[in-house]
């Protein structure tokens with residue numbers, strides 16, 4: 001059995017964190033390749049369904065990141081998002097999802113180093129949590145494991 | 001406190017007057033249920049209809065559920081919690097305030113039939129009720145049960161028993177009970193994540209996913225519910241434990257800052273799951289974070305529709 005490599009679903013806002021990831025790449029900053037990015041127009045677009053669906057389908061962690069409050073491309077999207085995050089965070093925390101599996105951050109498109117550190121941090125914490133076994137649906141056996 | 005009969009009379013008079021004055025074309029209230037220890041929703045359109053309206057210790061259904069999308073002028077009989085749900089629906093533009101006439105009934109709590117069943121297992125043939133007692137009569141027994149001992153969970157911690165936003169009250173105001181302090185949730189929070197997950201998975205292990213809780217809920221008026229969406233399909237159709245948990249989590253999240261603890265979901269549940277537990281988590285959050293309680297005044301804005309630039313969220317790095 002090879003060493004556990006976490007799979008993380010990342011939801012990045014198009015205008016800030018996605019740009020930061022881009023800048024980190026262009027700047028040749030090294031960060032772990034464990035996350036799959038879903039680009040959102042704004043963190044305000046994030047629906048709790050997305051997070052639950054990711055875990056349900058077997059993600060070991062979810063990382064949500066967007067513009068700093070006050071810097072939203074759509075003026076106030078992330079302010080509304082923040083209130084939603086607060087409710088989601090307490091809800092999932094209360095029902096017993098490890099806090100390290102669901103992470104939120106604000107990273108502007110200029111903060112490539114913050115992105116690098118955060119990415120490393122998220123991956124290492126999820127790695128420490130181990131595979132997501134209890135907050136996922138039983139996997140469908142389609143005989144296509146090698147494809148997935 | 002006026003007796004149940006007095007309140008019933010007052011509701012009938014008020015309903016007739018509302019119809020006669022043109023304040024409403026229909027009065028939504030309660031009538032005697034077809035099963036014992038129950039009431040059924042009733043739509044009174046004529047003065048004769050109004051004589052079927054009653055008040056009871058079993059008026060557990062939240063009649064606000066019948067408002068969204070209803071045309072014409074409507075009067076509703078509302079307990080404290082129902083009146084709060086109505087305020088929420090008006091705030092969410094589901095019903096126009098001008099077409100609404102709320103007949104508020106100060107309420108001393110509704111009865112949980114499961115607790116009655118636990119107190120008297122013998123089969124009964126008839127029952128009678130007063131404001132403070134329920135009497136079950138069987139072949140060779142007559143058991144009187146104090147209402148206080150069989151109140152629903154949410155009624156025991158109801159701080160808003162008088163519907164303050166009602167257009168008319170049919171009785172004197174009643175003092176609220178000690179509000180929910182969420183002590184059990186706080187205690188749960190001190191446990192490990194594994195124990196918490198175990199607790200919640202155990203809580204919903206009997207869930208049939210019949211969605212009775214959704215249908216009974218006055219907040220659940222979406223034309224297409226997320227459980228019925230198929231493209232994408234957010235929930236599988238089986239009772240997979242994770243799908244069930246997702247349903248309850250999303251239901252709780254949807255009700256964040258809107259739930260008024262009317263207990264309609266728990267009453268509707270055929271397998272007696274404490275489904276309000278998920279709502280209580282969000283209720284505690286909006287109370288702690290923004291000091292918000294749903295539906296107490298016409299002016300307040302639901303917490304997730306507004307923001308403060310300095311909202312505290314230290315978990316976001």
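With axes computed from alpha carbons, what is the tilt in degrees of helix A:77-94 against the longest principal axis of chain A, rounded to the nearest 10 within 0 to 90?
The angle comes out near 30 degrees.
Can you give me the Kirkwood hydrodynamic radius for segment A:1-56, using every pair of distinct Cα atoms, in Å to one decimal?
Every distinct Cα pair counted, the radius reaches 12.7 Å.
Below 8 Å between Cα atoms, with a sequence gap of 6+, how large is the relative contact order for segment A:8-129 in percent?
38 percent
Comparing B:278, B:307, B:226, which has the greatest mean-square fluctuation in the GNM of chain B with Cα pairs linked when under 10 Å apart?
Taking springs between Cα atoms under 10 Å, the residue moving most is B:307.
If eta is 0.692 mPa s and T is 37 °C, what Stokes-Einstein diffusion coefficient results for segment B:5-76, Kirkwood Rh from Cα pairs, in µm²/s?
Taking Rh from Cα pairs, D becomes 267 µm²/s.
Helix-only estimate, please: 222 nm mean residue ellipticity of chain B, summing -39500 (n - 2.57) across DSSP H runs of length 4 or more and dividing by its residues, to the nearest 500.
-9000 deg cm²/dmol
Once Rh for the protein assembly as shown is found with the Kirkwood sum over Cα pairs, what is the Stokes-Einstein diffusion coefficient at 20 °C and 1.002 mPa s, in µm²/s?
For the chosen part, D equals 88 µm²/s.
If you restrict to DSSP beta bridges whose two residues both lie in chain B, what percentage is antiparallel, to the nearest 5?
Roughly 65 percent of the beta bridges in chain B run antiparallel, per DSSP.
Calculate the spin-label point distance for residue B:92 paired with residue B:35, positioning each point 7 Å from the Cα along the beta-carbon direction, and give it in nanometres.
Spacing of the two 7 Å Cα→Cβ label points: 2.6 nm.
Could you tell me what a quarter of the Cα convex hull surface of segment B:1-123 works out to, in nm² with one decimal place?
Seen from a random direction, the Cα hull of segment B:1-123 projects 8.2 nm² on average.
Taking segment B:57-163 as the region of interest, what is the percent of Cα-Cα pairs per 10 angstrom bin, listed from the shortest bin to the one with the maximum distance?
14, 37, 25, 17, 6, 0
Among B:255-265, B:227-237, B:283-293, how do they line up from the highest to the lowest mean number of other beta-carbon atoms within 10 Å?
Highest to lowest by the protection proxy: B:255-265, B:283-293, B:227-237.
Quick one: angle between helix A:17-26 and the longest Cα principal axis of chain A, in degrees between 0 and 90, rounded to 10, please.
Orientation of helix A:17-26: about 80 degrees from the principal axis.
How long are the three semi-axes of the equivalent ellipsoid of chain B, in whole Å, if each is the root of 5 times an eigenvalue of the C-alpha gyration tensor, listed from largest down?
32, 26, 19
Measuring from centroid to centroid over Cα atoms, what is the spacing of segment A:21-60 and segment B:59-103 in Å?
After rounding, the separation between the Cα centres reads 42 Å.
For chain A, take the longest principal axis of its alpha carbons; what is the angle in degrees between that and the long axis of helix A:112-129, to the nearest 10 within 0 to 90?
30 degrees
What percent antiparallel are the DSSP beta bridges of the protein assembly as shown, to the nearest 5?
40 percent
Rounded to whole Å and sorted largest first, list the principal axis extents of the Cα atoms in segment B:110-264.
55, 43, 38
State the Cα centre-to-centre distance between segment B:105-123 and segment B:12-27 in whole Å.
Value for the Cα centre distance between the two parts: 31 Å.
Would you mind classifying segment B:198-241 by shape? Square roots of the alpha carbon gyration tensor eigenvalues, ordered a ≥ b ≥ c; an a/c under 1.5 is rounded, otherwise it is prolate if a/b is larger than b/c and oblate if not.
Note, shape of segment B:198-241 comes out oblate.
Taking N as the number of residues in segment A:8-129, what is its Cα Rg relative to 2.2 N^0.38 Å?
Against the compact-globule rule of thumb, the ratio is 0.99.
Points 7 angstrom from Cα along the Cβ direction at residue B:117 and residue A:124: gap in nanometres?
Here the modelled spin labels are 5.5 nm apart.
Per-residue mean of other chain beta-carbon atoms within 10 angstrom of the beta-carbon, peptide A:92-102?
Mean shielding count: 6.
Taking R0 as 35 Å, what's the FRET efficiency between residue A:4 and residue B:311 from their Cβ-Cβ distance, rounded to 0.05?
Taking R0 as 35 Å, the efficiency between residue A:4 and residue B:311 is 0.45.
So if R0 is 45 Å, what FRET efficiency would residue B:142 and residue B:66 give, r being the distance between their Cβ atoms, rounded to the nearest 0.05?
For R0 = 45 Å, the calculated efficiency reads 0.80.
How shielded is B:194-201 by partner chains, expressed as the average number of their Cβ atoms within 10 Å of its Cβ atoms?
Other-chain Cβ atoms within 10 Å of each residue's Cβ, averaged: 3.
Counting only helical runs of four or more DSSP H residues, what would the 222 nm mean residue ellipticity of chain A come to if each run contributes -39,500 (n - 2.57) and the total is spread over all its residues?
It lands at -12000 deg cm²/dmol.
Gap in Å between the Cα centre of segment B:207-272 and the Cα centre of segment B:297-317?
So the separation of the two Cα centres works out to 25 Å.
By the gyration tensor of its Cα atoms, with a ≥ b ≥ c the square roots of the eigenvalues, what is the shape of segment B:116-164: rounded for a/c under 1.5, prolate for a/b over b/c, or oblate?
Because a/c hits 1.5 or more and a/b exceeds b/c, segment B:116-164 counts as prolate.
Every number in this text was worked out from the coordinates using simple rules, so none of it is lab data. None of these values were measured; they are calculated from a predicted model. Cβ atoms come from the backbone with ideal geometry, glycine included; neighbour counts cover every protein chain shown.
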